[in-house]
Amino acid sequence: MAQAKTRQPQGPATGKSQASAKANRAKAKPAATRPVKPLRTLNKTKTHRVRNFICAVIAFIFALAALLGIVTHILPEELQALPYMPIVVSLVPWFTLLAVIALVCAIVSKRTVSIVMAVLAIALQAFWQYPFFYQPSKLPRAAVAAASGETVNTDDGYARLMTCNVYKGRADAREIVDLVRSEHVEVLALQETTDAFVDDLNRAGIASYLPYAQVSSSDGVYGNGLWSASPLDDPSDDDVDSSASFMPGGTVSFNGGATQVRFVSVHTTSPTNDYWQQWKRSLDELAKLRFDTSRRYVFMGDFNATDDHTPFRNFLGTRFTDAAKQAAGGLVFTWPANIDYVPTFAGIDHIVLDSGMLAGRVKSLKIDGSDHKALLATVQFDV
């Protein structure tokens, strides 16, 4: 009979092998096991990435929009006269806010391209706008004192000037007369007057302060006018031969008659639908007076253009100067002034001076009923 196989007991060597295997398994931990991050840390990392992404998107969009908006300042006048471009250009100073926001977001998200675009936009704006904040020539104290006296002195070489678009005769005539009195205004220019508004001015007592007037209208409804404390010599219904409106003129004497200044009440075409080219044309017509050297001019009124509009700068040329820029008191905004939820964001009203004149104390003041603020300046006519 075959003998049954019996299981041999494990020897010492086999037991030692099993013990060694257990020891090896106990030691067999991964050599580079990474610690598991807490859920809070993972959420914080994800939030940080989302924030950076959002900042990067905002930075790029705002920086690009700011740069493109600001460079419209240098567009040729033909391009600025394209539909809606005059409105975009009037917002040039405000694109700086976009550039600043873009710069902050770009720094947070570490986006070099956006940083460069934002810095370039801010630098261009600073270069173009700094003359509104710094000028080496300042109005002398004698001019300020003379124009601030209790009575108006028409025989000196200084005058307080004022202009206002009265919004189709809806402005408060009494308030305008009160401002003329309190500010000691010697020459006043008004735009968009009506016969009824002029009557209101007369009833409010404008003749007590500015007894000489020249008002004209090209359509028989809305007109422009000049009022003066001194006689208006050689009055004209339209000094510009403008396609926009009659722009009346008159010559006022200062310095005991030694200084003759030709004042013009200006109102160019508004850049609205279907009138883009007419807007440019009305500014170009005004620019022709740069070549009239027989007179010294002061233009006051609603130019429907800011210093960022190329047609307005072409009108100024090297001869004329914007009083607000010359006074270096900062940007002066005049429109719109009648919308509660919209800030006054555009400086489209101007007092423009001929060469050899100097302006100071420029400011704008709200007039009830008008969509424009009144603009005032003190001027020295012989520098």
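Which helices (runs of 4 or more DSSP H) sit wholly inside the range 92-207 and have at least 3 residues that are free of Cβ contacts under 8 Å to residues at least 40 places away in the same chain and in contact with a helix residue (DSSP H, G or I) (Cβ under 6 Å, 6 or more places away or on another chain)? Quick ask: steps written out before the conclusion?
Details: elements: 95-109, 112-129, 141-147, 173-183, 195-204.
Filter on the range 92-207 gives 95-109, 173-183, 195-204.
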**In the range 336-373, the residues that are free of Cβ contacts under 8 Å to residues at least 40 places away in the same chain and in contact with an Asp or Glu (Cβ under 7 Å, 6 or more places away or on another chain)** = PRO336, ALA337
**Request:** Identify the residue in the range 220-252 that is assigned to a strand (DSSP E or B) and touching a residue at least 60 places away in the same chain (Cβ under 8 Å) and, among all such residues, is surrounded by the fewest Cβ atoms within 10 Å (Cβ to Cβ).
**Result:** VAL252
**Members of the range 79-91 that are in contact (Cβ under 8 Å) with a residue 24 or more places away in the chain and assigned to a helix (DSSP H, G or I)** = GLN80, MET85, PRO86, ILE87, VAL89, SER90
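Determine whether PHE60 is modelled with pLDDT of 95 or more, among the aromatic types (Phe, Trp, Tyr), closer than 29 Å to PRO271 by Cα and buried (at least 17 other Cβ atoms within 10 Å of the Cβ).
No.
Of everything in the range 321-375, what is hydroxyl-bearing (Ser, Thr, Tyr), farther than 18 Å from ALA305 by Cβ and out of contact with any Lys or Arg (no Cβ under 8 Å at 6 or more places or on another chain)? Give them in sequence order.
Kept after step one, since they are hydroxyl-bearing (Ser, Thr, Tyr), are these residues of the range 321-375: 321, 334, 341, 344, 355, 364, 370.
Okay, now just the ones that are also farther than 18 Å from ALA305 by Cβ, so 341, 355, 370.
Of everything in the range 321-375, just one residue is hydroxyl-bearing (Ser, Thr, Tyr), farther than 18 Å from ALA305 by Cβ and out of contact with any Lys or Arg (no Cβ under 8 Å at 6 or more places or on another chain), namely TYR341.
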**Prompt:** From the list SER208, SER216, which one is of a type in the set (Ser, Thr, Tyr), assigned by TED's automatic domain parsing to the domain that holds GLY360, modelled with pLDDT of 95 or more and buried (at least 18 other Cβ atoms within 10 Å of the Cβ)?
**Reply:** SER216
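The values are calculated or read from the model by the stated rules, or taken from the named source; none is laboratory data. Computed from a predicted model, the values in this text were never measured in an experiment. For neighbour counting, all protein chains shown are included, and Cβ atoms are generated from backbone atoms with ideal geometry for every residue, glycine included.
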